[in-house]
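Okay, so here's the structure we're looking at.
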Amino acid sequence: KQWYQRRVAITAGGDKPVNSFRMVERHYFKDQVIKSFDFDFGFCMPSSLNTCEHIYDLPALSQELMREMVQNPFQTKSDSFYFVDGKLIMHNKADYAYNAGM
């Protein structure tokens, strides 16, 4: 079983508390979802640096899928959605190439 540990630092730079901070992250290969995560960070104090740690299982990827991901750079993508009090405040997209040094 594979697992992954992620430590996230969140800066609440404003003078208002953040009552509910949530991040949803989806990873795709050729438009097919291969991983999906939903993190609830909860309350963040105003003008503070907050750290939250999540440990979660990674879905198993077949050797064939991993080989395809290496052979098709930038076809693996992710979307990260950030919500405060249920309202989308930011959407980040990324593309990945796993063929470094080839």
| For Asn72, what is the net charge nearby, where nearby means another residue's Cβ is under 13 Å from its Cβ and Lys, Arg count +1, Asp, Glu -1? | -1
| query | What chymotrypsin sites (Phe, Trp or Tyr not before Pro) does the range 11-84 have in DSSP loop regions with at most 15 other beta carbons within 10 Å? | reply | Phe74
| query | Taking H as built 1.01 Å from N, whose amide H comes closer than 5 Å to the amide H of Phe41, not counting residues under 5 places away? | reply | Phe21, Arg22, Met23
| the chain - accessible surface per residue (Å², probe 1.4 Å) | 70 Å²
| said: Counting only trypsin sites (Lys or Arg not before Pro) that sit in a DSSP loop (anything but H, G, I, E, B) with at most 16 other Cβ atoms within 10 Å, what is the longest stretch of the chain containing none of them? | reply: 31-102
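The values are calculated or read from the model by the stated rules, or taken from the named source; none is laboratory data. These numbers come from a predicted model, not from an experiment. Using ideal geometry, Cβ is built from the backbone for each residue, glycine included, and neighbour counts are taken over all protein chains shown. Accessible surface is based on the protein model in full, side chains and every heavy atom, while ligands, DNA and RNA are left aside. Shrake-Rupley method; radii C 1.70, N 1.55, O 1.52, S 1.80 Å.
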